[in-house]
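One structure below.
The values are calculated or read from the model by the stated rules, or taken from the named source; none is laboratory data. Predicted model only: the values in this text are computed from it and were never measured. As a convention, Cβ positions derive from the backbone with ideal geometry for all residues, glycine included, and neighbour counts pool all protein chains shown.
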């Protein structure tokens, strides 16, 4: 079995993520070109102004308050150094090994083994674990999960995912404005315009679906990257492997109180469904065993 260097895994996933973002940008440019040919460049400029305003508003609210929104949405409480000593000790050890600042620690009520990190940068990061993770994982397994979450922090994944969400949101907004504007157009125009309108309709319908699939793919790449970074921090992939194996075989109920908007932040998909933003657990284990 061919070995994988965690450094190559981290670098490769960052490169793939860059090219996936490039695909989303290409969709935006293609939509813009078709709309400007179907109507006029001025009309497309109007759409872009509206889409940009919505995107900027999204960034200001979500980006600067991402950690507060995530913590509040799951009803998490601040961790207690006395009650959750192992949690604090492990994160403090990992921050020394990684050179990252100490994040704020939270615990959420759930019997599932899970965790997530949030925050716009390492200085404003939070790490939240479930009670199930604290109760069911041994020290090395919990360390692997926490190292994975610190990997997200160190790789600035929250910033990256926010950028992707903005681009995906822009595609959706542009598509919706274009499709709705067709109801108010007076028709007419030459055959050339009609062809571009038909192409525009097809793109406006298919583009949001395509970029959503790209968004899920980017999220999966960032999960592989965080797994590799966890190995970099701990030099012990076995802890993370055993934690994933426990998650694979656990029978905790599906979380209903978790919003689907924050589900991509979690260590493993809390809904255990298809079309996930997380890679299959079996695949993650397979990659880790080769490190």
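Below are the figures for this structure:
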{"item": "Which listed residue, of 149, 143, is surrounded by 15 or more Cβ atoms within 10 Å (Cβ to Cβ), out of contact with any strand residue (DSSP E or B) (no Cβ under 9 Å at 6 or more places or on another chain) and farther than 30 Å from residue 50 by Cβ", "result": "143"}
{"item": "Meets criteria (surrounded by 20 or more Cβ atoms within 10 Å (Cβ to Cβ) and closer than 19 Å to residue 231 by Cα) for residue 171", "result": "no"}
{"item": "Residue in the range 114-131 that is surrounded by 18 or more Cβ atoms within 10 Å (Cβ to Cβ), more than 17 Å from residue 265 (Cβ to Cβ) and over 19 Å from the mean Cα position of the chain (by Cα) present", "result": "no"}
{"item": "Residue match in the range 207-223 (condition: surrounded by fewer than 22 Cβ atoms within 10 Å (Cβ to Cβ) and not in a helix (DSSP H, G or I))", "result": "no"}
{"item": "Enumeration of residues in the range 90-100 that are modelled with pLDDT of 95 or more, in contact with a helix residue (DSSP H, G or I) (Cβ under 9 Å, 6 or more places away or on another chain) and either under 19 Å from residue 131 (Cα atoms) or surrounded by fewer than 16 Cβ atoms within 10 Å (Cβ to Cβ) (or both)", "result": "90, 91, 93"}
{"item": "Residues that are part of a helix (DSSP H, G or I) and modelled with pLDDT of 70 or more, drawn from the range 27-41", "result": "27, 28, 29, 30, 31, 32, 33, 34, 35, 36, 37, 38"}
{"item": "All positions within the range 8-26 that are more than 20 Å from the chain's Cα centre (by Cα) and at pLDDT 75 or above", "result": "26"}
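Let's see how each residue does on (1) in contact with a strand residue (DSSP E or B) (Cβ under 7 Å, 6 or more places away or on another chain); (2) surrounded by fewer than 21 Cβ atoms within 10 Å (Cβ to Cβ); (3) at pLDDT below 90; (4) not in a helix (DSSP H, G or I):
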{"position": "229", "(1), (2), (3), (4)": "no, no, no, no"}
{"position": "239", "(1), (2), (3), (4)": "no, no, no, no"}
{"position": "247", "(1), (2), (3), (4)": "no, no, no, no"}
{"position": "251", "(1), (2), (3), (4)": "no, yes, yes, yes"}
{"position": "259", "(1), (2), (3), (4)": "no, yes, yes, yes"}
{"position": "276", "(1), (2), (3), (4)": "no, yes, yes, yes"}
{"position": "286", "(1), (2), (3), (4)": "no, yes, no, no"}
